[in-house]
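What follows is a short report on a single structure.
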């Protein structure tokens, strides 16, 4: 944009601010009103959340909160282990903590440029997943076995998210490639599958995976409910991600693939060496967006009876003792989701900037 | 033989045949396993159960429903409830989204900040968490005995929001809503389709009046047919015993879900609309201003229509998404389609048939939304480019 289309005086930052906030009397009024409103809400919030809040309750009872006007963070103090780890055996909860930390660490590491290759990403996530299973599931190295039915809280939510993405990402590549195949039968199948899944709500797909698959699968293939639901969720993720990848592939100039063909590269090499790397690069911002949505959608598994972060939050204030403290518990859970979502979307924006720099 | 393998046509034909065979094998084995499972568990399949009575009660229902009703009626109740919540949520989310988007594109920096904060905050909290939060909030309102009364006749209580209403049956209400929807579609079609652009202004005016009159007449007829006998037409809620009687009651489940979808969906809608507003070339707005249009008219007559045209396909997807989001109803106990299907499954055990109905219902409803909005998109798209 040039100064012709954007006639903002550029002599100083102060001048720009004045132009944005105090241009006309109406602007001054709106700015003053917003400022007052922000101050009022901010003060109320500060008073509620910090100044008159009850932070701790010595005997783990809700009595100190009942007379206070502010937030009752004592409920978090009393119930944080339930919220984070669900009904995981109490004495073994350090294992759930280590397993969760492994997943978070892997997530952080995979954002580093050092790990930006398919092989390294795959190795990193397989290692993290194996570590998670060793600590969470146990049954090896002298750790007692804890079946998935007892997993819960943040640990279960993150596990679901990571498992869905690990299963769904390769599936989405397959679907995207099938959809642009020259063979009509394969292309048609992919279209039916992708559009069919996208027309259905996620909950119905999870429900189907939990209830219908036991009917149609032979006994040896059924497995635990959690694996079936992950498979259903991964299919849902893959259907959306396949469309994201397809748009990334379509943004490539046709000449790229034709040049690869002219060089005598076979289909496999064309796809893995020329098409996919560039398609992923094009589709990176919407992929991050898809990951954010998927992370938030994992909260839907509470509906089919898993004890994830959402459900353990409900349980944390569900007893008579703390039933008044629902705002605090929901705020805490929103904060946990918010931290993950916020860092993912910030990372997405950083990538977008970086990619723009590289391509121009 | 090696030359045959290298023949491209032969290879692709073989590949496809093998693929079809694999899919067939999977499907056939799934069907036979399902038949085996059903036989060994001694279950009956088929749709005969639809005429049996359910024996369960559900919370909110616009249509007549009690425990003696059949599964057919129960599913119909769920469909109507889903449609009500979906349409209500979509309308509210668009109102919220439009306001926030208008703030985001305004020249005033503080309004931009408010809009940005709204979007960042509500887009990063899962919808189900917001729904549960609003549900906890509306059910923690005071008991009917000491209800808030912000306006005369409007009572906010933990058992729902009570307001004066018409004493008519739920079927009549559903019929009226249907009439209004059809009327709105007919009106939009008449206003937008190029076919009607060529007729003279006075005949267009008559046409508009005819459509509005017919819609109102149909609504009046439906209301009159559905009147509850021996009751005044307008009933006001009054406290009797532990709860309010009479009037129109908005149940807390519907309130919470509608608020949640409006706020969460509104954040997404506002981002879509903002992109649309920014896609309108500046020259168009400057031309409109140069022609002497006032800022309000520049917005409503030039900026909004052009932005809307630019983003309608994206908005269509968002509408379908919000319609699918009604399935969260089960988390707070709102009797939408998914909820009634899941209690029917526990009650009757006809899992396969009921899930089939559920999926078919959503496929039909979502495709209907896409179809209508795609027609709209085609009607308002730029011609001749």
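No value in this document is a laboratory result; all are computed from the given coordinates. Keep in mind the model is a prediction, meaning the values are calculated, not measured. So basically every Cβ, Gly included, is an ideal-geometry build from the backbone, and we count neighbours across all protein chains shown.
Annotations for the structure displayed:
- Inverse mean reciprocal Cα-Cα distance (Kirkwood Rh) of segment B:282-379, Å: 16.7
- The mean number of Cβ atoms from other chains found within 10 Å of a Cβ in peptide B:30-38 is 4, as a whole number.
- Dimensions of segment B:73-149 along the principal axes, based on C-alpha atoms and rounded to the nearest Å, stand at 52, 35, 25, largest first.
- Protection proxy ranking, highest mean first, for peptides A:270-279, B:192-201: A:270-279, B:192-201, where packing is the per-residue count of other beta-carbon atoms within 10 Å, averaged.
- Across all C-alpha atoms in segment B:255-294, the radius of gyration and Dmax reach 16.0, 46 Å.
- For the peptides A:228-237, B:136-145, residues were scored by their other Cβ atoms within 10 Å and the scores averaged per peptide; the highest-first order is A:228-237, B:136-145.
- Per-q log10 I(q)/I(0), segment B:1-128, q = 0.09, 0.10, 0.13 Å⁻¹ (Debye; single scatterer per alpha-carbon; no solvent): -0.73, -0.80, -0.85
- Average beta-carbon neighbours from other chains, 10 Å sphere, peptide A:210-217: 6
- All C-alpha to C-alpha distances of segment B:165-235, sorted into 5 Å bins beginning at zero, yield P(r) values of 3, 16, 21, 17, 13, 10, 8, 6, 4, 1, 0 percent in whole numbers.
- From the largest down, chain B spans 79, 71, 47 angstrom on the principal axes of its Cα atoms.
- Our helix-only sum for chain B, with -39,500 (n - 2.57) per DSSP H run of n ≥ 4 divided by its residues, gives a mean residue ellipticity at 222 nm of -22500 deg cm²/dmol.
- Remark: B:238, A:328, A:297 ranked as B:238, A:297, A:328, counting other beta-carbon atoms within 10 Å and listing the fewest first.
- The largest-to-smallest principal axis extents of the Cα set in segment A:31-175 are 53, 46, 28 Å.
- Most fluctuating residue given options A:137, A:19, A:269, as computed from a GNM of chain A linking Cα atoms under 10 Å: A:19
- Shielding by other protein chains, B:316-326, mean Cβ within 10 Å: 2
- Taking a ≥ b ≥ c as the square roots of the eigenvalues of the Cα gyration tensor, segment A:284-355 is classed as oblate, since a/c reaches at least 1.5 and a/b does not exceed b/c.
- Look at the Cα gyration tensor of the protein assembly as shown: its axes a ≥ b ≥ c give a/c under 1.5, and that counts as rounded.
- Each listed q (0.13, 0.16, 0.18 Å⁻¹) maps to a log10 I(q)/I(0) for segment A:146-359 from the Debye sum over equal C-alpha point scatterers, namely -0.86, -1.14, -1.30.
- Candidates A:138, A:153, A:266, ranked by Gaussian network fluctuation over chain A, Cα under 10 Å, top entry: A:266
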